[in-house]
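The block underneath contains the structure these notes are about, expressed in structure tokens.
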Amino acid sequence: MTETNYEIIDSMGQLISFDWIPIPLRIENIPGRISRAKNEILFKTILPPLGFNSFYFSKIEQHQTKYEEQMKTFNEQCILQNQVILF
């Protein structure tokens, strides 16, 4: 990631705290690496055994309202699928 104005929200709509970690120079200098990212995000979470959780990463715009002021919706139908699992 190249900027620090992001937020992480879990599947229950809660803000997740995270740390910005600089990407080491030895990683940045890998031949063929084309990413402009200078940082990575590190956050702690609990995952059920053989399970998963969803996180939403979003950029915070200067004119965007605070998260608490935005409308939250729950209990909407969610379809999760990929090549391996279909729910």
Scope region 53-77; condition farther than 28 Å from Pro22 by Cβ and either among the basic types (Lys, Arg) or modelled with pLDDT of 60 or more (or both); matching residues: Lys72, Gln77
Pairs, please: C-beta under 7 Å, at least 6 apart or cross-chain, first residue at positive phi and in region 18-42, second in a helix (DSSP H, G or I) and among the hydroxyl-bearing types (Ser, Thr, Tyr)? none
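The values are calculated or read from the model by the stated rules, or taken from the named source; none is laboratory data. Worth saying up front: this structure is predicted, and the values here are computed from it rather than measured. Here Cβ is always computed from backbone atoms with ideal geometry, including for glycine, and neighbour counts include all displayed protein chains.
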